[in-house]
Amino acid sequence: MMEPVKTSLLARIWPQLEARMDTACRIVNVDDGAARPETPAHKPDQPIRSTRLPPEWQNPLQALIVSEPPPVKTEFQELPHHNLLERKTGDILHYCLMLMSRGELVPFDDDQIRSLEPVWQRQLVAMTDAVDDAVNEIWRQIRAYRQHEQFHWLVQAPHEEAASELDVSDFSSGQHRQFIIDRTFVDPEGQRWIIDYKSSRLSPGQSLPQFVQQQSERYRDQLERYARLFQAMERKPVRKALFFTSIPCFVELSLDSASQDS
């Protein structure tokens, strides 16, 4: 049997195929009874010779194919919100911050922000009967976070390599995982900042230090994964932080502690 051209894709798997070719195939006679035109290779009064695989044959390449396991939720993925309303509220706040960082939404122009209310209402109506209350909560958080001392530096100040809602892919585990980085940029000292927005709120009776500690531990691994992705692409120091829009509170995460700036 003729071997494939060495530069072809078939040549790469040819040794596995050739090793099993003799045992995988057998010659059988097939008489279909159909009239066929006479050719040098075939005459009507001769049986047709056809090569078929036996029923017990298995693809020898199957063992070489590593099937991708079903998606598994990891600690690096966004943890679920308590309900869909909280999640949708967080999505809307994220979107407003993205527009502000791109200069498409003026943070202190209430009339311009109010023009988005019909969009919010359409998104919220399926989640709650109290749509007005949900819209008021969005406004409360916007008014709170735009007054935070870090807001201008975080969202409006010009930075190198700045991006919002950045889509990053990770193939390091052999699977394709996608992550959305809420905000990232390089400061004048050449440090890469990775900031994750959170709309989480304090539980009843919970103090701010308790909340910060709980949320920092909850999302530390997530931001560490983001940091490793950037470190694989560039040689810059990485700093990581959480920005809680509801409080508001800016929390930088270090290796073993979290420093807050509320």
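The values are calculated or read from the model by the stated rules, or taken from the named source; none is laboratory data. What you see is a predicted model; the values in this text were computed from it and never measured. Cβ sites come from the backbone with ideal geometry, for glycine too, and all protein chains shown count toward neighbours.
Observations on the model:
- Residue check for D182: in contact with a His (Cβ under 8 Å, 6 or more places away or on another chain) and acidic (D, E): yes
- Contact annotation: residue pairs with Cβ atoms under 9 Å, 6 or more positions apart or on different chains, pairing a residue in segment 144-164 that is over 13 Å from F243 (Cβ atoms) with a partner that is in a helix (DSSP H, G or I) and not basic (K, R), are Q156/M100; Q156/S101; H159/W153; A162/S101; A163/S101.
- Flag set for A163, criterion: in contact with a strand residue (DSSP E or B) (Cβ under 7 Å, 6 or more places away or on another chain) and surrounded by fewer than 19 Cβ atoms within 10 Å (Cβ to Cβ).
- Among the residues of segment 208-241, those identified as within 21 Å of D91 (Cβ to Cβ) and in contact with a Leu (Cβ under 7 Å, 6 or more places away or on another chain) are Q215, R218, Y219, L223, A241.
- The one condition in (1) outside any helix (DSSP H, G or I); (2) under 25 Å from L242 (Cα atoms); (3) more than 24 Å from the chain's Cα centre (by Cα) that A126 fails to fulfil: (2)
- Segment 191-201, residues that are over 14 Å from H94 (Cα atoms) and either touching a Cys at 6+ places or on another chain (Cβ under 6 Å) or modelled with pLDDT under 95 (or both): R201
- Inside segment 101-123, residues that are acidic (D, E) and in a helix (DSSP H, G or I) make up a count of 3.
Let's see how each residue does on (1) in contact with a helix residue (DSSP H, G or I) (Cβ under 8 Å, 6 or more places away or on another chain); (2) without any contact (Cβ under 8 Å) to a residue 40 or more places away in the chain; (3) part of a helix (DSSP H, G or I); (4) within 21 Å of E86 (Cβ to Cβ):
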position: L202; (1), (2), (3), (4): yes, no, no, yes
position: V212; (1), (2), (3), (4): no, no, yes, yes
position: S216; (1), (2), (3), (4): no, no, yes, yes
position: R225; (1), (2), (3), (4): no, no, yes, no
position: F230; (1), (2), (3), (4): no, no, yes, no
position: R239; (1), (2), (3), (4): no, no, no, no
position: L242; (1), (2), (3), (4): yes, no, no, yes
position: I247; (1), (2), (3), (4): yes, no, no, yes
position: V251; (1), (2), (3), (4): yes, yes, no, yes
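- Selection within segment 204-240 - crowded, with 17+ Cβ neighbours inside 10 Å and within 18 Å of A144 (Cα to Cα): F211, V212
- Residue selected from segment 137-190 under the condition of a type in the set (K, R) and under 20 Å from E234 (Cα atoms), by the criterion modelled with the highest pLDDT: R183
- Of all the residues in segment 143-160, those that are crowded, with 20+ Cβ neighbours inside 10 Å and either β-branched (V, I, T) or over 28 Å from the mean Cα position of the chain (by Cα) (or both) number 2.
- Residue among S169, S173 that alone is surrounded by fewer than 11 Cβ atoms within 10 Å (Cβ to Cβ) and in a strand (DSSP E or B): S169
- The lone exception for R201 - which of (1) within 15 Å of the chain's Cα centre (by Cα); (2) surrounded by 14 or more Cβ atoms within 10 Å (Cβ to Cβ) it fails: (1)
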